[in-house]
Amino acid sequence: MTIKYSVVVPVFNEEKVIYESYKRLKTVMDRTYEPYELLFVNDGSKDRTSEMLNYISEGDTHVKVLEFSRNFGHQIAITAGMDYATGQAIVVIDADLQDPPEMILKMIDKWGEGFDVVYGKRIERKGETFFKKMTAALFYRTLRLSTDIDIPLDTGDFRLIDRRVCNEMKRIPEKNRFMRGLVSWVGFNQTAIEYVRDERLAGETKYPLKKMLKLSIDGLTSFSYKPLKIATYSGALLSIAGFVYMIVALALRFFTSSTVPGWTSLIVIQLLFSGFTLFILGVIGEYIGRIYDETKDRPLYIVKEAKGFSSAHRVRAM
Ligand code: UDP
Ligand code: MG
């Protein structure tokens, strides 16, 4: 039986929501009357998620589970899910029910109309902090300004992609992956459906500030050289300003009886310039670190156990 729909669900420490999430997804997918699979990727959870997934997969042949050997991160979990998925259309959805599973049916309708990618665009985000909303809004806009790739605003990883798009994405070996950008990069016929992002059903966000920062720097650096260009231009501007100030200081010294007063001006300039230099070095470092990651050529993830799969899967096209 060929699978028509694959639903990929990355999960990390979601014992409080996983069962409910499974039930909602099952209800929705049963309504398609087509063969489907629910593919949970357990991203190294430390709570009881693994046991619960075992229990769920034993009672339902639709359910497949990939167990990572440790936490590899949300974007990598999605990648693994897409590598192992066998459906003609692949849906990626969070485990915490912030993305309403019922929207999948609308995505499928759009897919039926001939679109290859149907992404969910958040028109409202419930139950998230002002800080998260603000930083997210700012990030998507900065990213859009920084790159020539048409990455839609306010769009997360909740989307349906066609088999063709999935196959193309499997050819991307990039390490620090920003999946929502890569999907745009691949191209094809893309469309949006708008939705209201609900509150998390239970538990806390698995995206602390550190992971959010990493994701946004990944997004920016993998789709834009602009930070490097800004560094060049602002460096040039600062040098010009420095040069002008030098002329002023020299003119004062040689053609008048006064000089620029000492310590304060020196320390101000010193701090400003060295701060700026260190910052630029950091920006360059971000790019170099990513080049380093690429050269190491380690596999993207390690699957400890794959449950519910009928035969051995060949996955990455590397
Ligand atoms: N997640 C994951 N690995 C991680 C962090 C998160 O697989 O290292 C999963 C998580 O279980 C959830 C999805 O990614 O299904 C999105 O995470 P979360 O809901 O915590 O992010 P938020 O909605 O707060 O941005
Ligand atoms: Mg969430």
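Check off (1) over 25 Å from Lys210 (Cβ atoms); (2) crowded, with 24+ Cβ neighbours inside 10 Å for Val41 and give me the number that stays unchecked.
(1)
Aliphatic (A, V, I, L, M) and modelled with pLDDT of 90 or more - does that describe any residue in segment 132-154?
no
Residues to consider are Phe273, Phe243; find the one that is exposed (fewer than 11 other Cβ atoms within 10 Å of the Cβ), free of Cβ contacts under 8 Å to residues at least 40 places away in the same chain and either in a helix (DSSP H, G or I) or within 16 Å of ligand 2 (Cβ to nearest atom) (or both).
Of Phe273, Phe243, the one residue that is exposed (fewer than 11 other Cβ atoms within 10 Å of the Cβ), free of Cβ contacts under 8 Å to residues at least 40 places away in the same chain and either in a helix (DSSP H, G or I) or within 16 Å of ligand 2 (Cβ to nearest atom) (or both) is Phe243.
Applying the selection to segment 163-213, what residues are aromatic (Phe, Trp, Tyr), out of contact with any helix residue (DSSP H, G or I) (no Cβ under 6 Å at 6 or more places or on another chain) and away from ligand 2 (no atom under 16 Å from the Cβ)?
Trp185
Give the residues of segment 82-109 that are within 17 Å of Tyr36 (Cβ to Cβ), of a type outside the set (A, V, I, L, M) and more than 16 Å from ligand 2 (Cβ to nearest atom), sorted by residue number.
Tyr84, Thr86, Gly87, Gln88, Glu102, Lys106, Asp109
Taking the options Ile151, Ile108, name whichever one is more than 16 Å from ligand 1 (Cβ to nearest atom), under 27 Å from Leu300 (Cβ atoms) and not in a strand (DSSP E or B).
Ile151
I'm trying to understand the selection: among the residues of segment 133-155, which are over 20 Å from Tyr225 (Cα atoms), free of Cβ contacts under 8 Å to residues at least 60 places away in the same chain and of a type outside the set (Asp, Glu)?
Those that are over 20 Å from Tyr225 (Cα atoms), free of Cβ contacts under 8 Å to residues at least 60 places away in the same chain and of a type outside the set (Asp, Glu): Lys133, Met134, Ala136, Ala137, Thr155.
Among (1) crowded, with 23+ Cβ neighbours inside 10 Å; (2) within 21 Å of Ala192 (Cβ to Cβ), there is one condition Asp94 misses while meeting the rest; what is its number?
For Asp94, the exception is condition (1).
Can you tell me which of Lys170, Lys226, Lys210, Lys214 is within 11 Å of the chain's Cα centre (by Cα) and surrounded by fewer than 19 Cβ atoms within 10 Å (Cβ to Cβ)?
Exactly one residue qualifies, and that residue is Lys214.
When residues of segment 51-73 are filtered for being farther than 20 Å from Glu20 by Cα and outside any strand (DSSP E or B), how many remain?
5
Any idea which of (1) over 21 Å from Arg197 (Cα atoms); (2) surrounded by fewer than 21 Cβ atoms within 10 Å (Cβ to Cβ) is the one Asp109 doesn't satisfy?
(1)
Just for segment 1-29: of the residues that are among the charged types (D, E, K, R) and outside any helix (DSSP H, G or I), which one is surrounded by the most Cβ atoms within 10 Å (Cβ to Cβ)?
Going through the qualifying residues, I end up with Glu14.
May I ask you to verify whether Glu34 is outside any strand (DSSP E or B), in contact with a strand residue (DSSP E or B) (Cβ under 8 Å, 6 or more places away or on another chain) and not aromatic (Phe, Trp, Tyr)?
Answer is yes for this residue.
With the structure loaded, tell me whether Val303 is β-branched (Val, Ile, Thr) and either without any contact (Cβ under 8 Å) to a residue 24 or more places away in the chain or touching a Cys at 6+ places or on another chain (Cβ under 7 Å) (or both) or whether it fails that test.
When the stated conditions are applied, Val303 does not pass them.
Could you list all residues from segment 192-235 that are touching a Leu at 6+ places or on another chain (Cβ under 9 Å), among the aromatic types (Phe, Trp, Tyr) and within 14 Å of ligand 1 (Cβ to nearest atom)?
Tyr207
Yes/no per residue for (1) at pLDDT 90 or above; (2) touching a helix residue (DSSP H, G or I) at 6+ places or on another chain (Cβ under 7 Å); (3) among the aromatic types (Phe, Trp, Tyr):
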{"site": "Ser222", "(1), (2), (3)": "yes, yes, no"}
{"site": "Leu252", "(1), (2), (3)": "no, no, no"}
{"site": "Leu278", "(1), (2), (3)": "yes, no, no"}
{"site": "Ile291", "(1), (2), (3)": "yes, no, no"}
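The values are calculated or read from the model by the stated rules, or taken from the named source; none is laboratory data. Being a predicted model, the structure only gives us computed values, none of them experimental. Cβ: placed from backbone, ideal geometry, glycine included. Neighbour counts: every protein chain shown.
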